[in-house]
Amino acid sequence: MASPFSPSHQVKNVVNQQATNNGSADLCQARKIKFFRLNERLADIYRAAPPYSGAGRASLLIVSTPAQSPSARSASDRAASDRTSARYRAFAAEVRGRSPHYEQLTLAVADDPLMLAFLDALPPAKRQPNLLFAAAYYLLGAPADLRALRALVADRGDELARTMLARRTQTNEPARCATLLPALALLPPPLALIEVGASAGLTLLPDRYSYDYGAAGRVAGTDPDAPLLSCRPLGPVPVPARVPEVAWRAGLDLNPLDVTDPDDVRWLQCLLWPGEPGRRERLAAAIETARRDPPRLHQGDLLTDLPALAGQAPPDATLVVYHSAVLAYVAPEQRGRLAETVKALGAVWLSNEGPGVLPAIAQPDRTRDHFVLVQDGARPIALTDPHGTWLEWLP
């Protein structure tokens, strides 16, 4: 029997309340049983899934253990749901103007007791909106609306939970290369590139793509069949005359994706937001580019395995360690360790992350959603669109 403080009890109580509210007794009784069984299985599913962090495992076990009184447990559950709801509202602001479908869905999930109960039964790092929506897309074959998402949780919730626990948010947007190119081109050639959090390695190919910076000019890549990446400069940007010479490249990821594996490619497609024109076509073209000459991807941790990988780079090349939208998933104290590791390697460090991810960096006052491109952990050099559509060079 489930503990009265377990996630199964939490979700069962929510369903009981909704059964009373909507009067559909037969349907709600069936869903109560499914939710109960789902949450009974969540811990087993998590233990069977590939580990992603000790902190996440501890969180699930704490939630599943009757360590608090019923009143304290209820207050704790409400606080967790409030945090999850706030997280989804923040994501709605992030996708506003980019994906109306996901903006509407995110706000709906933020107010839905059943969805919040399902999410709060998962470890905190696995409650991400991107991960939930991509996993639902993966299982349903199309972006979900709230009705489809609730039905998925009720009818195939264990499968959804298993997918979310086994997968990661590994958006591999090749257009980010357009925001990195000017910074890379300013470094002494040839370059040896290491991308941490490389996913499928599509942003390890900045020299192969071609670029269109509007009035600032075009840059031809080394692969004539690679996609043309468009990026709008906001003010003066040091657009190079040519792509930099890359002598060596490698990626590091806890779970590298394989561009020759149809299932991995499908996951990359599911991570796209509906409503953003051109992204699916750009992803497909970048995957074909990578398939023609795949970059080397290594499974490993960015802290413990980076030095050994860097040791394989040619000594006469400028070593560059870079990443985009990675450090937000890394604990703050580990971000400091990464900075120390990169410094010890004598590498150039390019960090393309959201504001505040590197807390010591002064944040320019901007209202639009953006990343901050920082060199060597200390000098902000540009503001960038998270999906590579614009670039503002900083003085």
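The values are calculated or read from the model by the stated rules, or taken from the named source; none is laboratory data. Just so it is clear, the model here is predicted, and its values are computed rather than measured. Counting neighbours? That spans all protein chains shown, and the Cβs are built from the backbone with ideal geometry, glycine included.
Among the residues of the range 301-329, the ones that are crowded, with 20+ Cβ neighbours inside 10 Å and either more than 26 Å from A382 (Cβ to Cβ) or free of Cβ contacts under 8 Å to residues at least 40 places away in the same chain (or both) come to 1 in all. Scanning the range 92-119 for residues that are of a type in the set (S, T, N, Q) and buried (at least 18 other Cβ atoms within 10 Å of the Cβ) gives S99, T106. Filtering P182, P206 for residues that are modelled with pLDDT of 95 or more and touching a helix residue (DSSP H, G or I) at 6+ places or on another chain (Cβ under 9 Å) leaves a single hit, P206.
For the range 358-393, the set of residues classified as in a loop (DSSP other than H, G, I, E, B), modelled with pLDDT of 90 or more and touching a Lys or Arg at 6+ places or on another chain (Cβ under 9 Å) consists of D376, G377, D385, P386, H387, G388, T389, listed by residue number. Inspection of the range 131-145 finds no residue satisfying the criterion of being buried (at least 24 other Cβ atoms within 10 Å of the Cβ), of a type in the set (S, T, Y) and not in a loop (DSSP other than H, G, I, E, B). P307: of a type outside the set (S, T, Y), within 13 Å of L202 (Cβ to Cβ) and modelled with pLDDT of 95 or more, yes or no? No. Among the residues of this structure, Q334 does not count as one that is surrounded by fewer than 18 Cβ atoms within 10 Å (Cβ to Cβ), in contact with an Asp or Glu (Cβ under 7 Å, 6 or more places away or on another chain) and in contact (Cβ under 8 Å) with a residue 12 or more places away in the chain. For V196, the criteria (1) free of Cβ contacts under 8 Å to residues at least 40 places away in the same chain; (2) crowded, with 21+ Cβ neighbours inside 10 Å hold in every case but one, which is (1). Here G221, G251, G217 are screened, and the one residue that is closer than 30 Å to D316 by Cα and without any contact (Cβ under 8 Å) to a residue 40 or more places away in the chain is G221.
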